[in-house]
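Data block below; observations after.
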């Protein structure tokens, strides 16, 4: 019997989405941070995103409930931002054990409500049902100008590979408290339009491979250039995951670096390598290649 742990998340998704029906209104289907479909406003596209956090996988029940709820919505907002868009409307599905404290559920919504207020998101409905563990699924719509959307699949040979912030060690608390890089992504799309971009949810070692594959390219990374959080190694920055920073590619970073320092002085921006032609790349020799929900303790399948 072939199991999910045998093939891993990426191979599973490739099998599931192969030959799915697509209406003519679909601009970008499965494979990016969000789906992109034709919007109702001329010159704008609609972004569609769904994401779930699961007890025992993304959090433990002894975590503060408002942080769990916050994380559930923040992950989806981060993906909308990575497309260059703005979030709009959210639907929330809760799967809850029947013996769960009602106050705990109220805490989940407190965290979502506070983040929704901060980012201008309307929570417009959802669903509740019973289950053996807590699951919070968020469906989020967004909007992006047609001439500003940024995809994973459009990196170019020679592009500089850029990362915002610092990486590694998210389990110490960052995976609950991160702030989606929405403002930074919108600024990039307006003033220094990246050739490609995504957010780092499953780790640089997993997500950079995904972007490169989508763009039909390879990459060369300088491990010593990885921006590590205090107390973290380059290997942790490469493979820990749940950083929720922006990973993007740009033809020339020179002007960008000076403009960034003026606009976002508290957020670091680092060049970590370059995109190269297929067959000319190299992957750092780290034990972990990022997070995979179907592989024990993450890592590659």
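Just so it is clear, none of the values below were taken in a lab; they were calculated from the coordinates. Owing to the predicted nature of the structure, the values given are computational and were not obtained by experimental measurement. Cβ: placed from backbone, ideal geometry, glycine included. Neighbour counts: every protein chain shown.
At q = 0.20 Å⁻¹ the log10 of I(q)/I(0) for region 160-276 amounts to -1.13, computed by Debye summation with a single uniform scatterer per C-alpha, solvent ignored.
In this simple spin-label model, placing a label point 7 Å from the Cα along the Cα-to-Cβ direction at both residue 268 and residue 18 gives a separation of 4.2 nm. The label point for residue 5 and the one for residue 213, both projected 7 Å from the Cα toward the Cβ, are 2.1 nm apart.
Note the full-extension length gain between residue 193 and residue 98 as 0.36 nm times their separation in residues minus their Cα-Cα distance, in nm to one decimal. Present the calculation step by step, with values, prior to reporting the outcome.
Working: separation 95, 0.36 × 95 = 34.20 nm, distance 4.81 nm.
Difference between extended and current length: 29.4 nm.
Angle of helix 4-17 to the longest C-alpha principal axis of the chain, folded into 0 to 90 degrees and rounded to 10: 80°.
Could you tell me whether region 4-145 comes out rounded, prolate or oblate from its Cα gyration tensor? Rule is a ≥ b ≥ c as square roots of the eigenvalues, rounded for a/c under 1.5, then prolate if a/b exceeds b/c, otherwise oblate. Working shown, then result.
Numbers: a/c = 2.27, a/b = 1.34, b/c = 1.69.
In terms of gyration-tensor shape, oblate.
For the chain, modelled as a GNM whose springs connect Cα atoms under 10 angstrom apart, the maximal fluctuation among 37, 124, 28 occurs at 124. Against the chain, whose longest principal axis is taken from its Cα atoms, helix 65-82 shows a tilt of about 40°. The fewest-to-most ranking of 259, 159, 6 by surrounding Cβ atoms within 10 Å reads 6, 259, 159. Once the Cα atoms are used to define both axes, helix 254-263 deviates from the longest principal axis of the chain by about 40 degrees.
Express as a percent, rounded to the nearest 5, the fraction of DSSP beta bridges in region 160-276 (both residues included) that run antiparallel.
Working: 17 of 18 bridges.
Antiparallel: roughly 95 percent of the beta bridges in region 160-276.
Here the sum of -39500 (n - 2.57) over DSSP H runs of 4 or more residues, divided by the residues of the chain, equals -9500 deg cm²/dmol at 222 nm, to the nearest 500. With a Förster radius of 25 Å applied to the C-beta separation of residue 171 and residue 133, the computed FRET efficiency comes to 0.80.
Bridge orientation summary for region 4-145: considering DSSP beta bridges with both residues in this region, about 70 percent are antiparallel. Note on residue 38 and residue 154: with the Förster distance fixed at 22 Å, the Cβ-Cβ geometry gives a FRET efficiency of about 0.70.
Taking 0.36 nm per residue of separation and subtracting the Cα-Cα distance, what length does fully extending residue 233 through residue 50 add?
Details: separation 183, 0.36 × 183 = 65.88 nm, distance 3.18 nm.
The residue 233-residue 50 span can extend by a further 62.7 nm.
The ranking of 278, 154 from fewest to most other beta carbons within 10 Å of each one's beta carbon is 278, 154.
Residues 285, 117, 10, 207, arranged from fewest to most other Cβ atoms within 10 angstrom of their Cβ, appear as 285, 117, 10, 207.
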